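**Q** Pasting in a structure now, in structure tokens, and then I'll have a few things to ask.
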């Protein structure tokens, strides 16, 4: 059981449309679960018995190829929804990139609750359409863009998704990535050498600053957007 009234993503998650009485009922269906970095919450192709709201941390959506290679097809952040409501099999694996916490629900119980709450269904539909838009953007990012464009596009998206988690006293355009350069390279389908070379060039050109291995400060957003295409 979870207390939805004190949820840190209460106003951004799909359940934001529910009134206090409805939240109390939903809270009885859910439970909080910690997920260690590297742990897989859902496996591609397996029955997906749960759905969840992400409360803290970052998780990746991964699809595997027949030869054992893996492709990251998405990243989820706090307030994002994971799982497959009104479905059975998971189309991808969901693995924690950092230590995370989720509010987890039995899928059948959640489906039954959502069926009687049209506002929640509408939120799910909007989230689904947003995910479709992100998937199309991701296809463009991985399939057509150059290495520089990939890195710049990725950093711009991270600056939006990680807003409020900035470093340097909250400087605008400053944020801290929850993963390292090897993981960035894996996400973008690049080598770590190429990724590091692009970051170094952007710093030399005055587009960004790198106070530490994971801190990013976008110092010239217009130039970053130009590089991203």
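No value in this document is a laboratory result; all are computed from the given coordinates. All values derive from a computational prediction rather than experimental measurement. Cβ: placed from backbone, ideal geometry, glycine included. Neighbour counts: every protein chain shown.
**Q** Extending each Cα 7 Å along its Cβ direction at residue 201 and residue 160, get the distance between those two points in nm, one decimal.
**A** With each label point 7 Å from Cα toward Cβ, the separation is 2.4 nm.
**Q** How many nm is it between the label spots at residue 6 and residue 129, if each spot is 7 Å from the Cα in line with the beta carbon?
**A** 3.6
**Q** Which value at 222 nm does the chain reach when only helices count, each DSSP H run of 4 or more adding -39,500 (n - 2.57), with the total divided by all residues and rounded to the nearest 500 deg cm²/dmol?
**A** Theoretical 222 nm ellipticity from helices: -12500 deg cm²/dmol.
**Q** Please state the shape class of the range 96-139: rounded when a/c is under 1.5, otherwise prolate if a/b exceeds b/c and oblate if not, all from the C-alpha gyration tensor. Before the final figure, lay out each step's value.
**A** Working: a/c = 3.04, a/b = 1.20, b/c = 2.53.
Oblate.
**Q** Cα axis of helix 192-204 to longest principal axis of the chain: angle in degrees, 0 to 90, nearest 10?
**A** With both axes taken from Cα atoms, the answer is about 60 degrees.
**Q** Which FRET efficiency value, to the nearest 0.05, do you get for residue 182 and residue 122 by plugging their Cβ-Cβ distance into 1/(1 + (r/R0)^6) with R0 = 45 Å?
**A** Calculated transfer efficiency: 0.70.
**Q** Also, quick follow-up: Can you give me the Cα centroid spacing of the range 208-228 and the range 55-88 in angstrom?
**A** If we compute the Cα centre of each part, the gap is 26 Å.
**Q** How far is helix 20-29 tilted, in degrees, relative to the longest principal axis of the Cα atoms in the chain, given as a value from 0 to 90 rounded to the nearest 10?
**A** With rounding to tens, the tilt is 90 degrees.
**Q** Sort the range 54-120 into rounded, prolate or oblate with this rule: let a ≥ b ≥ c be the square roots of the eigenvalues of the Cα gyration tensor; rounded if a/c is under 1.5, and if a/c is not under 1.5, prolate when a/b is larger than b/c, oblate otherwise.
**A** oblate
**Q** Picking from 186, 67, 99, which is most flexible by a Gaussian network model of the chain using Cα springs under 10 Å?
**A** Maximum fluctuation in the GNM of the chain, among the listed residues, is at 67.
**Q** Which label marks the calculated value of Cα Rg over 2.2 N^0.38 Å, given the options [x] 1.07; [y] 1.26; [z] 0.95?
**A** The value computed from this structure is option [x].
**Q** Compare 140, 97, 202 in a GNM of the chain, Cα atoms joined below 10 Å, and give the one with the largest fluctuation.
**A** Ranking 140, 97, 202 by mean-square fluctuation puts 140 first.
**Q** Between the range 1-44 and the range 99-137, how many Å separate their Cα centres?
**A** Comparing the Cα centres of the range 1-44 and the range 99-137, I get a distance of 11 Å.
**Q** Picking from 204, 135, 65, which is most flexible by a Gaussian network model of the chain using Cα springs under 10 Å?
**A** Maximum fluctuation in the GNM of the chain, among the listed residues, is at 65.
**Q** Which order, highest average first, do 211-217, 173-179, 22-28 follow once you tally other Cβ atoms within 10 Å for each residue and take the mean per peptide?
**A** The packing order, highest mean first, is 173-179, 22-28, 211-217.
**Q** Once R0 is set to 25 Å, what does the formula 1/(1 + (r/R0)^6) return for the Cβ-Cβ distance between residue 137 and residue 66, expressed as a FRET efficiency to the nearest 0.05? All intermediate terms of the calculation are to be shown ahead of the outcome.
**A** Working: r = 26 Å, r/R0 = 1.04.
Efficiency computed from Cβ-Cβ geometry: 0.45.
**Q** Right, something else. Rounded if a/c is under 1.5, else prolate if a/b beats b/c, else oblate: with a ≥ b ≥ c from the C-alpha gyration tensor eigenvalues square-rooted, which is the range 41-87?
**A** oblate
**Q** A follow-up question, please. Using r as the Cβ-Cβ distance of residue 43 and residue 191, and R0 as 30 Å, what FRET efficiency do you calculate, to the nearest 0.05?
**A** 0.65
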